[in-house]
Each structure stands twice: as C-alpha cells, then as structure tokens.
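Read through the structure below, which is laid out as structure tokens, and then see the notes.
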Amino acid sequence: MTQIPFSSLPLPASLLQSLAQLGYENTTDIQASALPLILEGRDLIAQAPTGSGKTAAFGLGLLAPLNPRFFGCQSLVLSPTRELAAQITEELRKLARGMGNIKIVTLSGGVPFGPQAASLEQGAHVIVGTPGRVQDHLSRGTLQLDSLNCLVLDEADRMLDMGFVDAIREIVGHTPSRRQTLLFSATYPPSLAQLTGDLLRDPAQVKVERASADNPIEQRFYEIEPEQRFASVLRLLAANRPQPCIAFCHTRQQCQELADYLGAEGISAQALHGDMEQRERDQVLALFANQSCSVLTATDVAARGIDIAGVAAVINVELAADPAAHTHRIGRSGRAGQPGLALSLVAPRELKRLRPIEENHQGPLQWGEIEQLPERPERPLIAPMRTLAVAGGRKDKLRPGDLLGALTGDAGLPGDAIGKISISDFQALVAIRREQAKQALQRLSDGKIKGRRFKVRLI
C-alpha cells in the first residue's frame, strides 16, 4: 500500500493542524488502507501488527465527525489492558489538541470507581476503557451509550483470549444498532470471525503485514540449561548493550526476580506485571518510555499493547508458548524503520515450541553459543536519564511548558538536558539527563513553578 499525505484525506482543518504540529505528514500503510473507509462510515475489520499506526487510524476516524458541543459519549474504544487504554487516551488527546474542548475519559480498573463516575457526570465525548470497568459503569448507571456513533474494539484477539467476549456482547447491547463498528486485531482466529459476524454490518476488510524490508528483525537463538537463564540474560546484555530492551518472562515471579537480579548487577531494570498497583505500573512505563530504565522485565499480559518507540532489542527469557505470542514479542523491536533484534533463550523442554516458529521464519534459525559471550558488562548498563516526580499535575493546571520553563529558566538547565515530560491528574514526571538530575532536583525544590512551590523527588 502506498502511503498518502494526510492533507489528501477529508479531515477537518483542526485535525490536520494537530497532525502538522505532531510532525505527521504522511499516513502509514494501515492508515492509508483504513482511514478512507472509516471516514466513509463503513464498518471495518483491520488486521495490523502493534506499532503500525492503528491508534491514529481509528483515532482520526472517530474524532473527525465528533460534535464538540454535545457532551454525550459519541465514541467508545475498548482495549484489553489498562496500559493500552492509557496510551490510546494520550494519543487521542494529542490528535484532538486543535479541536477545542474535547473531553476524553479513561475507564479502567486498578483505580477508584468514584472519581471516574464523578468525571462522567460532567459528560464526555470519547470513552476509552477496559471491558470489565466499562461494564461496571453501565451496570451502575454512571455511563450511558445511547448517543454512541462509533465503537472501536482494539486488540480484539487479545480481548477474546482474556475472556472478555461476554462483557463485549453486554456492552454492545447498550449501544444503538445504527453505529459504526471498527475492529482492529493482530490476528484473526475463527472465534473472532464469529464475533464480528454478530457485531459488524457488511464490514470492509484490510490487512497490513509487517514490512520486513523496511523493518528487519534479526533473530538469534541460544540453547541453555534452565538454571542458566538469568546469567544468560546478563551475557546477552553484556554482548549487545541494547537500550532500551524488553525482557519477556513467563511468570510474575520470574519477572520480579530477574529485575532484582539485573539491578544487583548494576543494570537499570524495572519489572512490569499484574501484581503491581496501577499507579506503580504507570510509573514503570513512564520510566521506560523516557529512558530512565534500560531493561523492562515484563509478562506477556502486562506488555500487550504497549507501544514504545525505539526498543533496541527484545529478549525472550523463556520461549513463548505459541508462535503468535512470539511474533507479538519480537515485533516490539526495531520500529519506525529501524532494524530490530530478538534474542531467545531456549531450554531443552522448550525445543518443541521452535517448530512453528521456524515454519514462520524465512530461512534457517540463527543459533549462537551463550558461553562465548562475556559474563558481565564491562561497564554498568545505566539508563541515560533520571526522572523527577513533581507533586502536581493537570488538576493543578500544570502544563509541559510550565515545567520546561521552570527548568530552563530559574533552574538554569540547558534545553537538551530535559527529556520527555508526562503529566497525569496529580503528578508530573520529567526526564533529566542523569548527570544533571541532582542539580535539577535541588533547584526545582528551592524554586517555584507557575509561582507555586511543589514537592519534587527523584525516582
């Protein structure tokens, strides 16, 4: 599919302005295939890998016809995980920046119900949520979908894998029959085909494969004994020094133990798994995205849908149980046209899982000798940034520009010392170059932001 300029599509001027400010001139393949159909009002089944630009595809499609003057829920996006819901919300807010007062609310578990209900009382144009929490709001009467125009099912295959099919059907029962339904999925199993047959009306279908020529992923496999697993991860990090890197683990316990093991070896590592509170999970993802963490150890469920650009390598600490999961994992490396690297450790009992992976692989698998790699990194694998946590956020009217101004003005930091700034309702996280982080902490603690003092700490 040939990419096309966004300006050639029938998008409102406000959205084109936002796209220009974000530096988006041309569509990705999935956007070029899907957006014209979505803007025509067609129901759609879109098959595309994570990182292909599908969020912007359905985001632009649902924002384009939005009526800002009507504060009823006009679009609903369902996603399988809290993290993905948060990422979708952030992306939609960026796209809607030029549209005026567009309210986008996230409804997911792991956070109190009450503040979500209070926010809904004031109305919302777009809801992004996980099926369980959306279902909960519908049952309690805090959410109405009578005015819904567009329903999006993102990562639909994963939602079915996680047992959300009944919840989805119940949610759909609260929506008008004459709505547009958009389904995005990396795979299209028979169970999903049955669901789409019930929910979509004469859908158009598009499929975009990963463009291997534009985004090659080098795969290497290493046979090990189970007791060598953590030491082998250390060898892979020592030999390749990939930053940032995601290490996929089989269990929550393995995830946490590996992060602790790497931390003891002088490597900036954080764990991401289902036993963590939502606040902790959000913070870990922010640290990884802003380069304050070199290695993220994560389970498949926790990492599903996470879209972080520039991941240098993926390590399969234990081989995935099926080829689809393997494909999802390695697809997180090498995005935006950069070559990717996937390193897989294979114990003897996992060898049977290799056959379907090999069948999907072009050419023979590349094997390496783990014992030939250095035991430890010659120097610590330390993240280039540290993160300042400011005890104030959107509710305090803080904006990224306010923090940037305070750091480059009164604090006297050069602009290139400041990295990604992310702001939630009650907290702001600011990435600072490691060597200047303590200076930034001191000066920001002693100074003011927008004429006010805020508590600041390093994490």
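The values are calculated or read from the model by the stated rules, or taken from the named source; none is laboratory data. What you are looking at is a predicted structure, and each value in this text was computed from that prediction instead of being measured. With ideal geometry, Cβ positions are generated from the backbone for all residues, glycine too; neighbour counts draw on all protein chains shown.
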What number of residues within the range 431-456 are crowded, with 19+ Cβ neighbours inside 10 Å and touching a residue at least 60 places away in the same chain (Cβ under 8 Å)? 3
Of these, THR187, THR181, which one is closer than 17 Å to LYS54 by Cα, among the hydroxyl-bearing types (Ser, Thr, Tyr) and at pLDDT 95 or above? THR181
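Per-residue answers, yes or no, for (1) modelled with pLDDT of 90 or more; (2) surrounded by 22 or more Cβ atoms within 10 Å (Cβ to Cβ); (3) in contact with a strand residue (DSSP E or B) (Cβ under 7 Å, 6 or more places away or on another chain):
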position	(1), (2), (3)
GLU277	no, no, no
SER292	yes, yes, yes
VAL314	yes, yes, yes
GLN338	no, no, no
ARG349	yes, no, no
Looking only at the range 26-43, how many residues end up being closer than 14 Å to ASN149 by Cα and not β-branched (Val, Ile, Thr)? 5
Members of the range 131-166 that are within 15 Å of LEU183 (Cα to Cα) and assigned to a loop (DSSP other than H, G, I, E, B): ASN149, ASP154, GLU155, PHE164
Which one of these is under 29 Å from PHE288 (Cβ atoms) and in a loop (DSSP other than H, G, I, E, B): LEU381, LEU388? LEU381
Search the range 94-117 for residues that are under 12 Å from GLY129 (Cα atoms) and pair each with any residue that is in a loop (DSSP other than H, G, I, E, B) when their beta-carbon atoms are under 6 Å apart and the residues are at least 6 apart or on different chains. VAL105/ALA124; SER108/THR130
So for the range 95-117 (the condition being of a type in the set (Ser, Thr, Tyr) and farther than 30 Å from LEU22 by Cα), does at least one residue qualify? no
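Residue-wise test of (1) over 30 Å from ARG349 (Cβ atoms); (2) crowded, with 20+ Cβ neighbours inside 10 Å; (3) of a type in the set (S, T, N, Q).
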residue: GLU170; (1), (2), (3): yes, no, no
residue: GLY173; (1), (2), (3): yes, no, no
residue: LEU182; (1), (2), (3): yes, yes, no
residue: TYR188; (1), (2), (3): yes, no, no
residue: CYS249; (1), (2), (3): no, yes, no
residue: GLY266; (1), (2), (3): yes, no, no
residue: HIS273; (1), (2), (3): no, yes, no
What tally of residues in the range 100-120 results from selecting those that are out of contact with any strand residue (DSSP E or B) (no Cβ under 6 Å at 6 or more places or on another chain) and under 30 Å from ALA13 (Cα atoms)? 5
